[in-house]
Amino acid sequence: MLAFLNNLLLLLAASGGAESGFTKFYNNYFNIPGFELWKFINLGLFIAIMVYVVKKPLTEVFKAKREQIRAELIKAEAEKQAALAKLTAAEAKLAQLETEKASLVQRARDESAAESKRLAEQTSLDIERLAQQSEADLTRLSKQTRNELRRFSARESIRLAEDKLKSQLDAATDARLVRASIAEIGGLN
């Protein structure tokens, strides 16, 4: 359409014969080879019509894309906050583990010291009990040994006395002792 208008203007300008003010202006500023104004006007009209036609669908697409990007940004921010919360929780757990580790080590040391003290006390009590038990055993064994020695001494004394009496006893003394024993019992009937 613009080409038609351009050609119409050229025909009108050429029909006057001599270069009029419009023809001179047109030839100096718009009729430069390679720079035809009608091409740029045509391009401008085409772009304006395209913008008018495509504006509504593109606006909707751009709005949808903008909302999608906004939703993704909000989602990313929420995920970032959740990750930061998890990181904070993990760091808190780690710090708590260090504290718990220190308390467990201290508790183990305290228990070890208490167990060592208890074992020392138990050992001293066991030593004292064993000493008392061995003292009691020694006392009992000493008494048994004394009693056995007394019995042994009595038996030996009796045996030695018997041996001595047997060595001093002859047949006449034996007969006399037998008669005296019979008389003491009540005699012979």
- [ ] Report whether or not residue 138 is surrounded by 10 or more Cβ atoms within 10 Å (Cβ to Cβ), of a type outside the set (S, T, N, Q) and at pLDDT 90 or above.
- [x] yes
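Based on what the data block shows, is residue 70 of a type in the set (Lys, Arg) and more than 19 Å from the chain's Cα centre (by Cα)? Walk me through how you get there before you give the answer.
Details: of a type in the set (Lys, Arg): yes; more than 19 Å from the chain's Cα centre (by Cα): yes.
Answer is yes for this residue.
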TODO: Within region 160-171, identify whether any single residue is open to solvent by less than 80 Å² (accessible area, probe 1.4 Å), within 55 Å of the chain's Cα centre (by Cα) and among the acidic types (Asp, Glu), and answer yes or no.
DONE: no
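Does region 80-94 include one or more residues that are in a helix (DSSP H, G or I), over 23 Å from the mean Cα position of the chain (by Cα) and modelled with pLDDT of 85 or more? Break it down stepwise before answering.
Let us first name the residues in region 80-94 that are in a helix (DSSP H, G or I), namely 80-94.
Narrowing further to those that are over 23 Å from the mean Cα position of the chain (by Cα): 80-81.
Next cut, modelled with pLDDT of 85 or more only: 80-81.
So far as region 80-94 goes, yes, one or more of its residues are in a helix (DSSP H, G or I), over 23 Å from the mean Cα position of the chain (by Cα) and modelled with pLDDT of 85 or more.
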Open item on the list: Looking at 5, 11, 45 in this structure, which one is modelled with pLDDT of 85 or more and in a helix (DSSP H, G or I)?
Closed with: 45
TODO: Name the one entry in 49, 41 that is closer than 30 Å to residue 4 by Cα, touching a residue at least 12 places away in the same chain (Cβ under 8 Å) and either open to solvent by 80 Å² or more (accessible area, probe 1.4 Å) or of a type in the set (Val, Ile, Thr) (or both).
DONE: 41
Task: Count of residues meeting criterion [of a type in the set (Ser, Thr, Tyr) and either open to solvent by 90 Å² or more (accessible area, probe 1.4 Å) or in contact with a helix residue (DSSP H, G or I) (Cβ under 7 Å, 6 or more places away or on another chain) (or both)] in region 59-104 - done: 1
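The values are calculated or read from the model by the stated rules, or taken from the named source; none is laboratory data. Source: prediction; values computed, not measured. Methodologically, a virtual Cβ is constructed for each residue, glycine included, from the backbone with ideal geometry; neighbour enumeration extends over all protein chains shown. Heavy atoms of the whole protein, side chains included, go into the accessibility calculation; ligands, DNA and RNA do not. Shrake-Rupley method; radii C 1.70, N 1.55, O 1.52, S 1.80 Å.
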